[in-house]
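The values are calculated or read from the model by the stated rules, or taken from the named source; none is laboratory data. Predicted, not measured: the structure shown is a model, and the values here were computed from it. Heads up, the Cβs are rebuilt from the backbone with ideal geometry, glycines too, and the neighbour counts pull from every protein chain shown.
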Amino acid sequence: MTASEQIENACREAHEKFLKLDAEVYKDIIEKLQFVIVSYNADKNPIGLYHIGAMALDLLKKHKEQKPRQVSKDLIETLEKALAREKE
């Protein structure tokens, strides 16, 4: 899997998680993730995925601190690994 595919998949997983957590509270990040995913599919430029993916990671970590069982360690690790591949 390429770095671009990995960050796209990680952002899709984060998007799904935010929808399940609370679509109203996380409305902004949900919309941003949706936009960059569609944008990536149109132009294959992953820069937006990395930028918004980093924002999503921060929000997921904060949510996990408050409610540890609602955000899986695997999701956070998936996003971290995908973000780490940005330079490839």
Q: Keeping to region 10-33, report how many residues are of a type outside the set (D, E, K, R) and out of contact with any helix residue (DSSP H, G or I) (no Cβ under 7 Å at 6 or more places or on another chain).
A: 1
Q. Among the residues of region 63-88, how many are of a type outside the set (Gly, Ala, Ser), loosely packed, with under 14 Cβ neighbours inside 10 Å and under 14 Å from the mean Cα position of the chain (by Cα)?
A. 4
Q: State whether the residues of region 14-34 include one that is on the phi > 0 side of the Ramachandran plot, modelled with pLDDT of 95 or more and over 9 Å from the mean Cα position of the chain (by Cα).
A: no
**Q.** Single condition MET1 does not satisfy, out of (1) out of contact with any Ser or Thr (no Cβ under 9 Å at 6 or more places or on another chain); (2) part of a helix (DSSP H, G or I)
**A.** (2)
(Q) Being part of a helix (DSSP H, G or I), in contact (Cβ under 8 Å) with a residue 24 or more places away in the chain and either touching a Gly at 6+ places or on another chain (Cβ under 6 Å) or surrounded by 12 or more Cβ atoms within 10 Å (Cβ to Cβ) (or both) is true for just one of LEU49, LEU33. Which residue is that? (A) LEU49
